[in-house]
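Novice: This is the structure I have questions about; it appears just below.
The values are calculated or read from the model by the stated rules, or taken from the named source; none is laboratory data. Predicted, not measured: the structure shown is a model, and the values here were computed from it. Note that we place each Cβ from the backbone using ideal geometry, even for glycine, and neighbour counts take in every protein chain shown.
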Amino acid sequence: MPETMFQSLKSISYLFFLIIHLTVFSLNTLAQKKNVQYELKIKPASTEIKIDGIMNEGAWQDAEIASKFFMVQPMDTSFAKIRTDVKMSYDNDFLYIIAICYHEPGPYFVESLRRDFTFGKNDNFLIFMDPFDDQTNGFSFGSNAAGAQWDGIMYEGSKVDLSWDNKWESVVKNYEDRWIFEAAIPFKSIRYKPGITKWGINFSRLDLKSTEKSSWAPVPRQFATASLAYTGNLVWDQPPPVPGQNISVIPYTLGGLSSNHTLLPVKRDQRGEIGGDIKIAINSSLNLDLTVNPDYSQVEVDRQVPNLERFELFFPERRQYFLENGDLFSNFGYQNIRPFFSRRIGLGVPIQYGARLSGKLNKDWRVGLMNMQTENTGISDPAQNFTVMALQRKVFARSNIGGIFINKQSLNYDASNAAAGVSRYNRVAGIEYNLASSNNTWTGKAVTMKSFSPNGGNSDMMQAANLRYWTGNWDINWQHEYVGSDYNAEVGFVPRRGYFNLSPQIGYLFFPKKGKILSHGPKLFSANYFDEKFKRTDNTNYLAYNFNFRNRSNLTGWIANDYVMLQRPFDPTNKGGATLATGSEHSWEAFGLEYSSRPQSLITMALSTRYGGYYANGNRLNISSELGYRFQPYVSLALSSSYNDIRLPEPWNTTKFWLIGPRLDVTMTNKLFFTGFVQYNEQNDNINLNTRLQWRYKPASDLFIVYTDNYLPAPFSVKNRFLVLKLTYWWNI
């Protein structure tokens, strides 16, 4: 297909998006916030409040009550059957909340006392706050019925990043017919606009015994209760207090031992480091973060997965420093075409220092500026500086437009000695429009990026867009992507280049009025890839039918067919053996089942299967499972496994491998945790043992003891060992 046709297709897709947006815009201009009539008035505490889970203070007797929650699931057409009452108050330093969560006779259901639990597997109460009332960004706090805390930052209108931790206090007290959650959240721990007297707010309750999910302000059942488009209003009797000086110093000290047994003689090293972070609130909505010699040794290692992909796998960021307002930087693009991916900074190369300014300038503008400096680790690996600048402007009801600029600069660069892949500089700049209608029915994105490199070519741009229509029954999405062969985002995540992708998707759900099935329906998805000359390179057509049961278990059956024309040599076992030739064509059909059990059971199970064709007219069987058992709320056991049986012609023949990962979680209290897990990866010939003890001796202050081993399975022998002791302290000045 000629280049003019290629450009025409891109123009048509953007025109399609524009027409739909104008339609949605006309609806936006006529609509106001959906649940504006739901108001909870808040006033100063008339007496001192003690956080003990007992509602005996006069301040709570004087506070207004939010009750009569609405059912969200299994149906969204009535009030909740399980009662929840909520009250809020405040003083000069803290925002207080108490929730009385009634339940039917019998025990509650929780996984453990571990912080940031899985929502659907715990009886819980959560708060979703929108302090700017922009229906896009906010904060979430809450607890499960055993007292395990939940906190996260909210972005894109309904998503919650639970990797964010902050300083606050809560207690849960259990009674025969109810459990009470009481919390004090420092105003210094959240960001909000001074002078504003209405915050968006909603309260969410999940009661697994009755399988009921409910919210104070009603939310349609297809959306998460975290959806900020459906918050009510927290109405202040006066503007909330402006925090005074808000500076937090978070130093750490660390000691460690390591040994590398792959070298003879065995190489042994000792570590002794200090460093830390400083958080400076420029105002109540804009924050400056500074870091010196940061260390992330306490961050849990990535969970391994079988890798039979032709492209790099994505693993999420877990380091605390990069998380607050991290969506300002990381949410540009789509999952597989991200211009910025913070894990490119400082993994394998020590970070010397960094600074980041992020937050709200006002209700409509958000800004993010970040600069990070890494060490010089050798002549071939020079020190590098990373600069990222992002600006976002709210438009219409809940949409926004943003721009980003990323610069990676090598210092003291010597081209004659530089390692492969190390360049003098790499830069990416672009803009993005995010569409979100007032009722969240229409969402979408349009993004354009351009890269700048020393030896860049003409095809150095990326363009993509999607539009989604989502109601209670219909879920329809159109997405297209174009990534030029010369587009080079070295600080991003772009595993594939030089392609054009068209990916339509449609699904429909039926909702029976009675019976064991809550909803069921089909889903059809097609991903179609072409090269830059619009020649087909691969595609997947996928048809599934899903059953969601009222007891919160679910079952999905699917069939798919695939076609691949390899653009480069590929080993279909990913074990470093013989490869299939570039240009070879492969097609196959496959089918499978996926099942997850009801979360109320002490024994839980998730199972997925896949059987069908594979590359080179071969066959592949995959069985993956996770079996869990809990002695609630203190001990949780899990065993995950994945088995692959691949049958191919010579020279591969039959390849079988396991990935097995037993895991032990012990939560002595909601401040003392032990985690231990083993990952046996037969595909990579590695056994990994990781144990971590965490003691939160004060809010947001921790002692970590981390021990890691890596072994060679056959003959069984040690590869390396690490032991780290790390102490952090959160100090408010």
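Novice: Given LEU323, LEU347, LEU328, LEU369, which one is free of Cβ contacts under 8 Å to residues at least 24 places away in the same chain and under 21 Å from the mean Cα position of the chain (by Cα)?
Specialist: Just one listed residue meets the conditions, LEU347.
Novice: Could you tell me whether region 216-232 includes any residue that is of a type in the set (S, T, N, Q), in a strand (DSSP E or B) and out of contact with any helix residue (DSSP H, G or I) (no Cβ under 9 Å at 6 or more places or on another chain)?
Specialist: no
Novice: Can you name the strands (runs of 3 or more DSSP E) wholly within region 635-733 that have at least 3 residues being among the aromatic types (Phe, Trp, Tyr)?
Specialist: Filter on region 635-733 gives 672-681, 701-712.
Novice: If we scan region 598-608, do we find a residue that is over 24 Å from ASP123 (Cα atoms), part of a strand (DSSP E or B) and modelled with pLDDT of 95 or more?
Specialist: Yes, region 598-608 has at least one match.
Novice: Which residue is surrounded by the most Cβ atoms within 10 Å (Cβ to Cβ), if the candidates are limited to region 586-617 and must be without any contact (Cβ under 8 Å) to a residue 24 or more places away in the chain and under 16 Å from ILE646 (Cβ atoms)?
Specialist: ARG610
Novice: Can you tell me which residue in region 201-240 is surrounded by the most Cβ atoms within 10 Å (Cβ to Cβ), limited to those that are more than 20 Å from SER438 (Cβ to Cβ) and among the hydrophobic types (A, V, I, L, M, F, W, C)?
Specialist: LEU206
Novice: From the list SER601, SER584, pick out the single residue that is out of contact with any strand residue (DSSP E or B) (no Cβ under 6 Å at 6 or more places or on another chain) and within 25 Å of TYR499 (Cβ to Cβ).
Specialist: SER584
Novice: Here are some residues: ARG620, ARG550, ARG568. Which one is farther than 20 Å from SER503 by Cβ, more than 25 Å from the chain's Cα centre (by Cα) and loosely packed, with under 15 Cβ neighbours inside 10 Å?
Specialist: On inspection, the qualifying residue turns out to be ARG568.
Novice: Kindly provide the set of residues from region 566-595 that are in a loop (DSSP other than H, G, I, E, B), aliphatic (A, V, I, L, M) and under 18 Å from THR537 (Cβ atoms), ordered by number.
Specialist: Listed by number, the residues that qualify are LEU566, ALA581.
Novice: A further question follows. Of all residues in region 677-729, how many are hydrophobic (A, V, I, L, M, F, W, C) and within 28 Å of LEU308 (Cα to Cα)?
Specialist: Selection size over region 677-729: 8.
Novice: Can you name the residue in region 161-176 that is among the hydrophobic types (A, V, I, L, M, F, W, C) and outside any loop (DSSP other than H, G, I, E, B) and is also farthest from THR728 (Cα to Cα) among such residues?
Specialist: VAL172
Let's see how each residue does on (1) surrounded by 15 or more Cβ atoms within 10 Å (Cβ to Cβ); (2) more than 21 Å from PRO350 (Cα to Cα); (3) of a type in the set (Ser, Thr, Tyr):
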position	(1), (2), (3)
SER284	yes, yes, yes
ASP289	yes, no, no
TYR296	no, no, yes
ARG303	no, yes, no
LEU308	yes, yes, no
PHE314	no, yes, no
ARG319	yes, no, no
ASP327	yes, yes, no
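Novice: Could I ask something else about it? In region 187-196, is there at least one residue being surrounded by fewer than 16 Cβ atoms within 10 Å (Cβ to Cβ), touching a residue at least 24 places away in the same chain (Cβ under 8 Å) and farther than 30 Å from GLU57 by Cα?
Specialist: Scanning region 187-196 turns up no residue that is surrounded by fewer than 16 Cβ atoms within 10 Å (Cβ to Cβ), touching a residue at least 24 places away in the same chain (Cβ under 8 Å) and farther than 30 Å from GLU57 by Cα.
Novice: Here's a follow-up. Looking only at residues in region 68-81 that are in contact with a Phe, Trp or Tyr (Cβ under 8 Å, 6 or more places away or on another chain), under 17 Å from ILE100 (Cα atoms) and in a loop (DSSP other than H, G, I, E, B), which one is modelled with the lowest pLDDT?
Specialist: Step by step, filter region 68-81, then rank; the result is LYS68.
Novice: Return the only residue of ASN144, ASN174, ASN122, ASN166 being over 30 Å from SER399 (Cα atoms), surrounded by fewer than 22 Cβ atoms within 10 Å (Cβ to Cβ), more than 15 Å from the chain's Cα centre (by Cα) and among the polar types (S, T, N, Q).
Specialist: From the options ASN144, ASN174, ASN122, ASN166, the qualifying one is ASN174.
Novice: Follow-up question, since we're still on this one. Only residues in region 86-109 that are more than 13 Å from ASP207 (Cβ to Cβ) and without any contact (Cβ under 8 Å) to a residue 12 or more places away in the chain count as the first member; pair them with residues that are outside any strand (DSSP E or B) and polar (S, T, N, Q), Cβ under 6 angstrom, at least 6 apart or cross-chain, and list the lot.
Specialist: Close Cβ pairs (under 6 Å, with a partner that is outside any strand (DSSP E or B) and polar (S, T, N, Q)) do not exist here.
Novice: Name the residue that is modelled with the highest pLDDT, counting only residues in region 82-114 that are acidic (Asp, Glu) and in contact with a Ser or Thr (Cβ under 7 Å, 6 or more places away or on another chain).
Specialist: Applying the filter and picking the extreme gives ASP85.
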